[in-house]
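S.K.: Quick one: structure below, then a few questions.
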Amino acid sequence: MFELSQLRCFVVTAEELHFGRAAVRLNMTQPPLSRQIQLLERGLGVQLLERSSRQVKLTPAGSTFLPEARRIIRLAETSALAARRVAKGDTGRVAIGFTAVSGYSFLPRIVARARASLPHFELELFEMVTSDQFEALMTGQIDIAFVRPPVEQTSFESRLILREPLMAALPAGDPRADNPSLTPSDFDNQPLIMYSRMGAGYFHNMLTRLFEAAGALPEYVQHVTQIHSMLGLVRAGLAAAIVPASAIELHMDAIQFRKFATQPTQPVELHMVWRRDNGNPALQPMLNLCGEFASDA
């Protein structure tokens, strides 16, 4: 219908109301300038300028079209700038998946750093269990996943981002809270809230191995998937639980946290995972930012 160059010619001529001055501003001669405006008028089907030997003035249609022409030019310029920023990785959208417990302390630090260091980035956050995050990576729903190991290496790249200790979460009044540190033997034949094998396999398998290695067998009174649900049951007095240290960030009352010492020491790991073939230009800057937190791992 029309080209941006035609719009620019019209806007400058409308501002100058003089073809000679407009041509100087546009660094062109008058005949091509007049031709561009004629092509624009033909494309629109309306006359934008009244021309005479003495003056140039806007028609009513031209006065109406002028602010729209300026808006279109600004939109085209800002869109081009946005496209170049995205191509360079200076801006863009990154979708991040995270497990519930990583959202307690680690993820807020990531978001705060991104807002300061990558202000033109849009972050979209999805809370998911680890298995759902791997599926979301494959379908392209998310760009980065913060998950528990193991990580299948065929399709993904990964980086260890965080290690933290296990803690015993005890209900109010539990006499074991008198000890600053507990071991698996302290839970032998005692009620314990356990992780679901299907929904929280990483924690389920880890604790099963630790208790078996110590020759201890707790009495599992409930199996749950989410740590905040587990702590809610602890607070209700149902039983104790073993949780990552970051769960303390939930600040639930009526729960006492004590060290959970095992042999060998078993830290909880969190890995950052992304697809090898992800073509999002904004991915690498975000990976670099998240990687700054790996020094503590």
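S.K.: State the number of residues belonging to region 225-271 that are out of contact with any Lys or Arg (no Cβ under 9 Å at 6 or more places or on another chain) and of a type in the set (D, E, K, R).
M.R.: 3
S.K.: Answer yes if at least one residue in region 67-75 is under 23 Å from residue 281 (Cα atoms), at pLDDT 90 or above, β-branched (Val, Ile, Thr) and under 48 Å from the mean Cα position of the chain (by Cα), and no otherwise.
M.R.: no
S.K.: Name the residues in region 37-52 that are in a helix (DSSP H, G or I), surrounded by 15 or more Cβ atoms within 10 Å (Cβ to Cβ) and in contact (Cβ under 8 Å) with a residue 24 or more places away in the chain, would you?
M.R.: Scanning region 37-52 gives 37, 39, 40, 44.
S.K.: Contact list please: Cβ distance under 9 Å, first residue in region 1-25 and closer than 14 Å to residue 42 by Cβ, second residue acidic (Asp, Glu), pairs at least six apart or on different chains.
M.R.: Cβ pairs passing all conditions: 10/41.
S.K.: Do you know which of the residues in region 76-112 that are part of a loop (DSSP other than H, G, I, E, B) and of a type in the set (Ser, Thr, Tyr) is modelled with the lowest pLDDT?
M.R.: 91
S.K.: Counting just the residues of region 1-36 that are part of a helix (DSSP H, G or I) and of a type in the set (Ser, Thr, Tyr), which one comes out surrounded by the fewest Cβ atoms within 10 Å (Cβ to Cβ)?
M.R.: By that ranking, first place goes to 5.
S.K.: Cβ-Cβ distance below 6 Å, separation of 6 or more or different chains: which pairs start in region 146-157 with a residue that is surrounded by 13 or more Cβ atoms within 10 Å (Cβ to Cβ) and end on one that is of a type in the set (Gly, Ala, Ser)?
M.R.: Note: pairs meeting the criteria are 146/102; 151/158.
S.K.: Still on this structure: Just checking, does region 57-65 include any residue being touching a strand residue (DSSP E or B) at 6+ places or on another chain (Cβ under 7 Å), part of a helix (DSSP H, G or I) and under 28 Å from residue 284 (Cβ atoms)?
M.R.: Checking region 57-65: not a single residue is touching a strand residue (DSSP E or B) at 6+ places or on another chain (Cβ under 7 Å), part of a helix (DSSP H, G or I) and under 28 Å from residue 284 (Cβ atoms).
The values are calculated or read from the model by the stated rules, or taken from the named source; none is laboratory data. Computed from a predicted structure; not experimentally measured. Don't worry about glycine lacking a Cβ; one is built from the backbone with ideal geometry, like all the others, and counts go over all protein chains shown.
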